[in-house]
Amino acid sequence: MHTPDRVLKYPDPRLRQKALPVEEITPELRARARALFPLMYEEHGIGLAAPQVGWGVRLFVVNISGRPEDELVVVNPVVTEKKGGLWAFEEGCLSLPGIRGKVERERVVVLEGQDLDGHHVRIEADGLNGRCLLHEYDHLDGVLFIDRLSPAKKQSIKRRLRELEEEFEGAAV
């Protein structure tokens, strides 16, 4: 089993690929999904999508509180409802170190999918929980939070994006 050892950094092209549905929940998939938590905690994150470690499946993990009992794995999530109006809040991303910016998202999200036992889950979340679910869900479609920034903010982060691009090119050599 391949366990993730690092979070992919912008502009790795795998971050822009649309993830494929999970066909079957196997013991290997369960172990691999659970292995995302230690990496997420090591990076001081509250969410991590499988594509962020080069694993192109529709699965993500979140834990807002950091307490083990609050760990959540969602397989093949589908956003079924967004409501409550838009609110702007600062976001960051493990794949975009050193970049933060206000993103407008719906206040409440309803998401359905499966847990690691294959059981149907329905999650209604608001505030930071809802925002985190939407942020990770975006990763499954190759969308990064910087795509949702205002034009002015996009302009202000251009230098940092260029630095990340240069680091990526240097690492590829």
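No lab work stands behind these numbers, since they all come straight from the coordinates. Values in this document were obtained by computation on a predicted structure and should not be read as measured data. Methodologically, a virtual Cβ is constructed for each residue, glycine included, from the backbone with ideal geometry; neighbour enumeration extends over all protein chains shown.
Considering the stretch 84-98, the residues that are surrounded by 18 or more Cβ atoms within 10 Å (Cβ to Cβ) and either acidic (Asp, Glu) or touching a Phe, Trp or Tyr at 6+ places or on another chain (Cβ under 8 Å) (or both) include one that is farthest from LYS9 (Cα to Cα), namely GLU91.
For the criterion of being within 26 Å of GLU165 (Cβ to Cβ) and not aromatic (Phe, Trp, Tyr), GLY118 fails.
Being assigned to a helix (DSSP H, G or I) and farther than 17 Å from ARG14 by Cα is a condition met by at least one residue of the stretch 121-128. Among the residues of the stretch 66-83, how many are under 30 Å from GLN155 (Cβ atoms) and exposed (fewer than 14 other Cβ atoms within 10 Å of the Cβ)? Selection size over the stretch 66-83: 0. The residue list ALA31, ALA50 contains one member that is surrounded by 18 or more Cβ atoms within 10 Å (Cβ to Cβ) and either in contact with a helix residue (DSSP H, G or I) (Cβ under 7 Å, 6 or more places away or on another chain) or more than 21 Å from LEU161 (Cα to Cα) (or both), which is ALA50.
A single entry from LEU8, LEU48 fulfils the requirement of being assigned to a strand (DSSP E or B) and within 19 Å of PHE145 (Cβ to Cβ): LEU48. Listed conditions (1) farther than 24 Å from LEU29 by Cα; (2) assigned to a strand (DSSP E or B); (3) of a type outside the set (Phe, Trp, Tyr) are all met by PRO97, apart from (2).
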